[in-house]
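To start, the structure under review is shown below, and the notes come after it.
The values are calculated or read from the model by the stated rules, or taken from the named source; none is laboratory data. No experiment lies behind these values; they were computed from the predicted model shown. Glycine also receives a Cβ, built like all others from the backbone with ideal geometry; neighbour counts cover every protein chain displayed. We work out accessible area using only protein heavy atoms, side chains counted, and drop any ligands, DNA or RNA first. Shrake-Rupley method; radii C 1.70, N 1.55, O 1.52, S 1.80 Å.
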Amino acid sequence: MFTRTFSVTLLASVVALLSACNNDTKKPGYEYMPDMYRSPSYETNSPNPVFKNGMTSQKPVAGTIPVGYVHYPYPNTPEGYETASREWIMPATLNTPENLTEGKRLYEAYCSHCHGLTGQADGGVITRGFPPPPSYTTGKSSRGGDMKDLTDGKIYHTIQYGLNLMGSHASQLTVDERWRIIMYVHELQKAGQPAEATADSTGTKSEAPKSDKKM
Ligand code: HEC
């Protein structure tokens, strides 16, 4: 009895196996469980009769924003720049030594090839002939004022929109990364103020004038 059942099962298996064979290499032959070969769901880019516009991949609802997205409300105008300067201020919680170190790393990766490692506009791109930006310490902004006085909002505005020869860096940097870079730019701005930066242990200050009238 056992041998008989066994033979029948074996025969059935061999038949099933052979009938699955097929000379056409493009077809799977007998599909034992078709769903394993073909998913009943629509492929992302395939046509779709269910939706009115015939597409499987639907656009997000108007006004949808990604998780964590921060809307920058100031337009790329002189007024937008000035309003941002007054209102767009770095969240105090970000002000940590770790974030400053991260800001330095990001600045070196995204800004130093033009602005230079110390903010003196001597990055590799500039030494090869690209018109230099103003120095962060002694330069004047083309929008008026000294570079060393640029506020959080003014630097953020520049990262967001770019300025003349400097392109926007909005697509490369998250909001938090921008704030970290801004923290570091503020360090570079300070480093050039001789009265504070060169005070030695005896309290002697350098001869350099306090108000910077250069450029
Ligand atoms: C391709 C070279 C280049 C790169 C990269 C670059 N900048 Fe600039 N940046 C410039 C130039 C050139 C100017 C001067 C634009 C002008 O005033 O016409 C400038 C100006 C600025 C100013 C002054 C804006 C003002 O209000 O006057 C700030 C702040 C600034 N850059 C920050 C940054 C930061 C932060 C980064 C990195 C995220 C960066 N830049 C990357 C070339 C660059």
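Could you go through segment 121-128 and let me know if any residue there is touching a Leu at 6+ places or on another chain (Cβ under 7 Å), within 11 Å of the ligand (Cβ to nearest atom) and either in a helix (DSSP H, G or I) or on the phi < 0 side of the Ramachandran plot (or both).
Within segment 121-128, not a single residue is touching a Leu at 6+ places or on another chain (Cβ under 7 Å), within 11 Å of the ligand (Cβ to nearest atom) and either in a helix (DSSP H, G or I) or on the phi < 0 side of the Ramachandran plot (or both).
Within segment 109-120, track down each residue that is touching a residue at least 24 places away in the same chain (Cβ under 8 Å), part of a loop (DSSP other than H, G, I, E, B) and within 13 Å of the ligand (Cβ to nearest atom).
C111, G119
Which one of these does M33 not meet: (1) modelled with pLDDT under 95; (2) closer than 21 Å to T174 by Cβ?
Among (1) modelled with pLDDT under 95; (2) closer than 21 Å to T174 by Cβ, the lone unmet condition for M33 is (2).
Quick grid of which residues meet (1) modelled with pLDDT of 95 or more; (2) more than 21 Å from G153 (Cα to Cα); (3) assigned to a helix (DSSP H, G or I):
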| site | (1), (2), (3) |
| --- | --- |
| G80 | yes, no, yes |
| T83 | yes, no, yes |
| I89 | yes, no, no |
| T93 | yes, no, yes |
| N99 | yes, no, yes |
| Y107 | yes, no, yes |
| P131 | yes, yes, no |
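Restricting the search to segment 61-115, which residues are open to solvent by 90 Å² or more (accessible area, probe 1.4 Å), closer than 22 Å to G162 by Cβ and among the β-branched types (V, I, T)?
Listed by number, the list holds a single entry, I89.
Restricting attention to segment 139-154, does a residue exist that is buried (at least 18 other Cβ atoms within 10 Å of the Cβ), hydrophobic (A, V, I, L, M, F, W, C), within 8 Å of the ligand (Cβ to nearest atom) and in contact (Cβ under 8 Å) with a residue 12 or more places away in the chain?
yes
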